[in-house]
Amino acid sequence: KFSYLRHWLSNVDNEEIKSHALSVDNYGVKAPLRNTSIFDFNRGSEVPKIETLALNWSFSNLTGSDDDGQFLVIDESSGSAGHAERYGWLSNITKKQHTGLGINFPGSKTTPEVVQDTYIPTLKQTLPENLQSTETVKVLSFDDEMFTKESRPVNYFFALEKSPYQNISQEMLNFFATIKDFNNLIGEPINRYRQSYKDIEKLRNLFFERIENTPSVEKYINFYKWIDSSISEMLKNLTPASANFA
């Protein structure tokens, strides 16, 4: 059985493998921009570690086999013919699509002959702007419990949101094996004296090079308008009556 199949042309350490096991959608590395060609002078350019992902079969598009008992598996790695010469010989591998083909399966079959829907609990990285309930727990001392003229009341509200931009941001997090790597990009002392985060801009360019279409906000909103009443009623039943819900 396969849930995904990936291959890198660089070393993937144990911490990165553990991150991929905890979150099946995550294909990131600890230092996405780290140069992997520092001792390889034949490439002629720096190669970010995230660009060494040569194969990424997630089977997300697979529902079953066709009449001939075959199916295609899309390679979701960076393959792009427009950058086939960027990293020398390495680009001949990483910048090409390696589509998979399944053969000799029962014709016109879905589950369980070809695809088995198995639900496995996994973790998912949270966007930096989202607040976790565990982050609101504080052990107060006697001095902290005193109210002063400067203290202001703090109220927390629950909100349920769905946005196409959140989906894009969530996909961006898959570049990082852990959130510590993102912290290093914005926390390095040299960034204190810059007008922008150069490393983040570079990663942003690498990310959008992989996007093959332009996301449509209008189509996204129209889709959720279609099922809005059903989702709203379901979420209302899941919300505690005593919760401050916005």
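No lab work stands behind these numbers, since they all come straight from the coordinates. Values in this document were obtained by computation on a predicted structure and should not be read as measured data. Using ideal geometry, Cβ is built from the backbone for each residue, glycine included, and neighbour counts are taken over all protein chains shown.
Note on VAL139, VAL24: ascending count of other Cβ atoms within 10 Å places them as VAL139, VAL24, the fewest first.
Count Lys and Arg as plus one, Asp and Glu as minus one, and take only other residues whose Cβ is under 11 Å from that of ALA84; the net charge is then +2. In the stretch 173-209, what trypsin sites (Lys or Arg not before Pro) fall in a loop by DSSP, with at most 10 other Cβ atoms inside 10 Å? Taking the stretch 173-209 and a limit of 10 other Cβ atoms within 10 Å, the loop trypsin sites (Lys or Arg not before Pro) found are ARG194. Relative contact order of the chain: 21 percent, from C-alpha pairs under 8 Å at least 6 residues apart in sequence. Among the chymotrypsin sites (Phe, Trp or Tyr not before Pro) within the stretch 163-234, not one is in coil by DSSP while having at most 13 neighbouring Cβ atoms inside 10 Å. Looking at the stretch 145-246, the GluC sites (Glu not before Pro) that sit in a DSSP loop and have at most 15 other Cβ atoms within 10 Å of their own Cβ are GLU150, GLU161, GLU212. Using Cβ counts within 10 Å as a stand-in for footprinting exposure, how do LEU33, LEU9 rank, fewest first? The most exposed by this proxy come first: LEU9, LEU33. Cross-linked pairs LYS30/LYS124; LYS96/LYS162; LYS180/LYS236: Cα-Cα separations exceed 28 Å for LYS96/LYS162; LYS180/LYS236.
For the residues THR214, THR94, THR126, a GNM of the chain with alpha-carbon springs under 10 Å puts the largest fluctuation on THR214.
Taken over the stretch 5-102, the alpha-carbon convex hull comes to 106 cubic angstrom per residue. Here the contact order of the stretch 5-102, divided by its residue count and restricted to Cα pairs under 8 Å and six or more residues apart, works out to 25 percent. By definition, a body whose alpha carbon gyration tensor gives a ≥ b ≥ c is oblate when a/c is 1.5 or more and a/b is not larger than b/c, and the stretch 133-238 fits this oblate description. Our summary of shape: the Cα atoms of the chain have principal axis extents of 70, 50, 37 Å, ordered from largest down, in whole angstrom. Counting only residues at least eight positions apart within a chain, or on another chain, the aspartates and glutamates with an alpha carbon under 17 Å from that of LYS18 are ASP181. Candidate cross-link partners of LYS95 among the lysines, defined by an alpha-carbon separation under 19 Å and a same-chain spacing of 8 or more, comprise LYS49, LYS202.
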